[in-house]
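Visitor: One structure is given below, represented as structure tokens, and several questions about it will come after.
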Amino acid sequence: TMRAYKNYHVFRLQQHLDRLFRSAEAIRLKIEYPVEAIEKAIVETLAANGLDDAGYVRLTISQGTGAPVPDPTTCEEPTLLIVVKPFVPYPEVLYQNGASAIVSNIRRNAQSPIPRLKSLNYLENILARFQSRDVGAQESIFLDTDGYVAEGSMSNIFFVKSGELYTPSTECPILPGITREVALEVASKAGISIREGQWTLKQLLAADEAFLTNSLMELMPLTR
């Protein structure tokens with residue numbers, strides 16, 4: 001899922017596609033489309049829908065048509081689907097006052113490769129979102145099976161303590177978010193001390209401030 005800005009500019013498109021190809025390789029999905037052709041198709045789809053200012057872009061590649069069994073070798077060729085629509089921003093009040101989150105009782109498997117892949121294996125995230133919505137919160141935070149903070153159901157997590165920026169490292173069971181990468185680049189250029197590692201819920205709760213990142217929300221304060 002990506003965000004397009006003025007003149008069909010998809011933010012960090014190359015990084016999104018690089019991650020897509022890495023994830024596909026990990027699940028043995030052979031993408032037979034050149035990167036350049038995918039980039040061109042995304043821009044053409046945005047243009048065909050008149051989204052030259054602010055667009056939502058979702059690119060999905062599956063193994064394609066095959067037998068209804070858990071065996072992708074029955075699939076003949078990959079299917080590529082591009083969906084675009086006007087981008088609807090998050091409510092401004094969330095940026096002004098901050099979002100709230102709960103801690104899910106679902107744990108990220110620290111030994112599994114799945115959390116690190118951008119895939120449609122999304123059921124845990126959906127269940128965690130139900131949990132947050134049940135209590136009126138915007139996000140649900142996963143801990144891993146060792147008890148360390150991992151990520152949100154749809155975001156990466158950062159927190160600040162004594163002027164230093166903390167975030168779970170990519171060694172943790174998290175999706176390496178594109179906006180996460182941007183936030184780290186910006187902080188580094190600003191001379192902010194960055195600490196990537198394993199952090200406890202106690203450390204997060206003791207933070208001076210915290211925020212969430214993803215491609216659609218960009219950067220949102222987390223206040224409760």
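Visitor: At pLDDT below 95, open to solvent by 50 Å² or more (accessible area, probe 1.4 Å) and of a type outside the set (Val, Ile, Thr): does that describe Arg12?
Guide: Criteria not met by Arg12.
Visitor: In addition: Looking only at segment 137-158, count how many residues are more than 14 Å from the chain's Cα centre (by Cα) and under 18 Å from Ser215 (Cα atoms).
Guide: Residues in segment 137-158 being more than 14 Å from the chain's Cα centre (by Cα) and under 18 Å from Ser215 (Cα atoms): 1 in total.
Visitor: Further, regarding this structure: Kindly provide the set of residues from segment 44-53 that are open to solvent by less than 60 Å² (accessible area, probe 1.4 Å) and touching a helix residue (DSSP H, G or I) at 6+ places or on another chain (Cβ under 8 Å), ordered by number.
Guide: Leu46, Ala47, Leu51, listed by residue number.
Visitor: OK, next. Considering only segment 28-41, I want to know if a residue exists there that is under 17 Å from the mean Cα position of the chain (by Cα) and either surrounded by 13 or more Cβ atoms within 10 Å (Cβ to Cβ) or polar (S, T, N, Q) (or both).
Guide: no
Visitor: Could you figure out which of (1) touching a Gly at 6+ places or on another chain (Cβ under 9 Å); (2) of a type outside the set (Val, Ile, Thr); (3) more than 24 Å from Phe21 (Cβ to Cβ); (4) in contact (Cβ under 8 Å) with a residue 40 or more places away in the chain isn't true of Ala128?
Guide: Against the list (1) touching a Gly at 6+ places or on another chain (Cβ under 9 Å); (2) of a type outside the set (Val, Ile, Thr); (3) more than 24 Å from Phe21 (Cβ to Cβ); (4) in contact (Cβ under 8 Å) with a residue 40 or more places away in the chain, Ala128 comes up short only on (4).
Visitor: Look through Ser132, Ser119 and report the one residue that is within 18 Å of the chain's Cα centre (by Cα), of a type in the set (Ser, Thr, Tyr) and under 20 Å from Pro221 (Cβ atoms).
Guide: Ser132
A quick yes/no check of all residues on (1) open to solvent by less than 10 Å² (accessible area, probe 1.4 Å); (2) in contact with a helix residue (DSSP H, G or I) (Cβ under 9 Å, 6 or more places away or on another chain); (3) over 22 Å from Tyr95 (Cα atoms); (4) in a strand (DSSP E or B):
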{"position": "Ala110", "(1), (2), (3), (4)": "no, no, yes, no"}
{"position": "Asn125", "(1), (2), (3), (4)": "no, no, yes, no"}
{"position": "Ala150", "(1), (2), (3), (4)": "yes, yes, yes, yes"}
{"position": "Ile157", "(1), (2), (3), (4)": "yes, yes, no, yes"}
{"position": "Pro176", "(1), (2), (3), (4)": "no, yes, yes, no"}
{"position": "Glu196", "(1), (2), (3), (4)": "no, yes, yes, yes"}
{"position": "Lys202", "(1), (2), (3), (4)": "no, no, yes, no"}
{"position": "Leu212", "(1), (2), (3), (4)": "yes, no, no, yes"}
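Visitor: Quick check on my filter: what residues within segment 96-107 are open to solvent by 60 Å² or more (accessible area, probe 1.4 Å) and either touching a strand residue (DSSP E or B) at 6+ places or on another chain (Cβ under 7 Å) or aromatic (Phe, Trp, Tyr) (or both)?
Guide: Answer for segment 96-107, where residues must be open to solvent by 60 Å² or more (accessible area, probe 1.4 Å) and either touching a strand residue (DSSP E or B) at 6+ places or on another chain (Cβ under 7 Å) or aromatic (Phe, Trp, Tyr) (or both): Val103, Arg107.
Visitor: Would you be able to say whether some residue in segment 71-82 is exposed (fewer than 11 other Cβ atoms within 10 Å of the Cβ) and among the hydroxyl-bearing types (Ser, Thr, Tyr)?
Guide: yes
Visitor: A follow-up question, please. Return the pair list, or none, for Cβ contacts closer than 9 Å from residues in segment 156-169 that are small (Gly, Ala, Ser) to residues that are modelled with pLDDT of 95 or more and crowded, with 16+ Cβ neighbours inside 10 Å, at least 6 apart or on different chains.
Guide: Ser169/Gln198
The values are calculated or read from the model by the stated rules, or taken from the named source; none is laboratory data. Worth saying up front: this structure is predicted, and the values here are computed from it rather than measured. Neighbour counts are summed over all protein chains in view; Cβ atoms, including those assigned to glycine, are modelled from backbone coordinates with ideal geometry. Remember, those area values only see protein heavy atoms, side chains included, never the ligands or the DNA or RNA. Shrake-Rupley method; radii C 1.70, N 1.55, O 1.52, S 1.80 Å.
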